[in-house]
Amino acid sequence: MTAISPEPAGARARQTYYWQVRNARTRALAAQCAEQTWRIQPRHPGGVYSDVGHELDPPEHHTPTVLYRSSPDPRGGKEFRGACLSCDWEGAVHRGFGFGDADDVAIEDAHDHAFPDWRSLPTTAEIKDQRGIYRNPYKWDQLASRYPAGWAQNGAPLLVWSRNRYHRHDPPCQARPRYELRIRKSPVPQSRQPAKQEALF
């Protein structure tokens, strides 16, 4: 019987290994279950096809991403964990079904690693057109000037207020070059609510 080799650590190595298992290049890999092999979640940084390794060098700075796999638990679901494209760091495993619960926690874990204290970054109002702030260089420069030195250039997240608790964090894309993390907007304090009409007379 062929021994099953252990999975490597680190997002980039796991992504390469997943495609090697998926393509079953050797008998040992063919014995593995691709769906239960950790790999980078689609649409997240580093989630490209490669079974011969990544051609590009790792980023010079910590870069968050998310790993996932089908849960080996017979009840089903998926497992998610934050990871980094620059080093072998991986976060705790969170179980869920991928509807903005466990995967959002994994995204936050990855940002805790790459950008400690990211929760103190400036926030912006919810954007209907997600590319809006990047289309206006003045608005983005104004917001980015309040980030710690080097963070905006290294892909620190954009924090966006959201009144809807079902809004999920969004991974980067061509139009949005960084994670967009949804932060629950607290209700307007009682003292700041508009006065009732009868109180004005």
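Structure data summary
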item	result
Leading residue by the ranking (farthest from Trp140 (Cα to Cα)) among those in the stretch 155-183 that are open to solvent by 70 Å² or more (accessible area, probe 1.4 Å) and either of a type in the set (Val, Ile, Thr) or modelled with pLDDT of 80 or more (or both)	Arg168
Checklist (1) at pLDDT 90 or above; (2) loosely packed, with under 13 Cβ neighbours inside 10 Å; (3) closer than 27 Å to Ala13 by Cα applied to Arg146, failing item	(3)
Filter result for Gly100 (under 15 Å from the mean Cα position of the chain (by Cα), open to solvent by 20 Å² or more (accessible area, probe 1.4 Å), under 18 Å from Tyr179 (Cβ atoms) and modelled with pLDDT under 85)	yes
Residue pairs meeting the criteria (Cβ under 6 Å; at least 6 apart or on separate chains; first more than 16 Å from Ala125 (Cα to Cα), in the stretch 137-161; second basic (Lys, Arg) and surrounded by 10 or more Cβ atoms within 10 Å (Cβ to Cβ))	Gly155/Arg178
Leading residue by the ranking (most open to solvent (accessible area, probe 1.4 Å)) among those in the stretch 1-37 that are modelled with pLDDT under 80 and among the basic types (Lys, Arg)	Arg27
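Okay, residues lined up against (1) surrounded by fewer than 19 Cβ atoms within 10 Å (Cβ to Cβ); (2) at pLDDT 95 or above; (3) over 13 Å from Ile40 (Cβ atoms); (4) of a type in the set (A, V, I, L, M, F, W, C):
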{"residue": "Leu67", "(1), (2), (3), (4)": "no, yes, no, yes"}
{"residue": "Pro72", "(1), (2), (3), (4)": "yes, no, yes, no"}
{"residue": "Ala83", "(1), (2), (3), (4)": "no, yes, no, yes"}
{"residue": "Ala92", "(1), (2), (3), (4)": "yes, yes, yes, yes"}
{"residue": "Arg95", "(1), (2), (3), (4)": "yes, no, yes, no"}
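The values are calculated or read from the model by the stated rules, or taken from the named source; none is laboratory data. It should be emphasised that the depicted structure is a prediction, and the values quoted were computed from it without experimental measurement. Cβ sites come from the backbone with ideal geometry, for glycine too, and all protein chains shown count toward neighbours. Note: accessible area is taken over every heavy atom of the protein model, side chains too, but ligands, DNA and RNA are not part of it. Shrake-Rupley method; radii C 1.70, N 1.55, O 1.52, S 1.80 Å.
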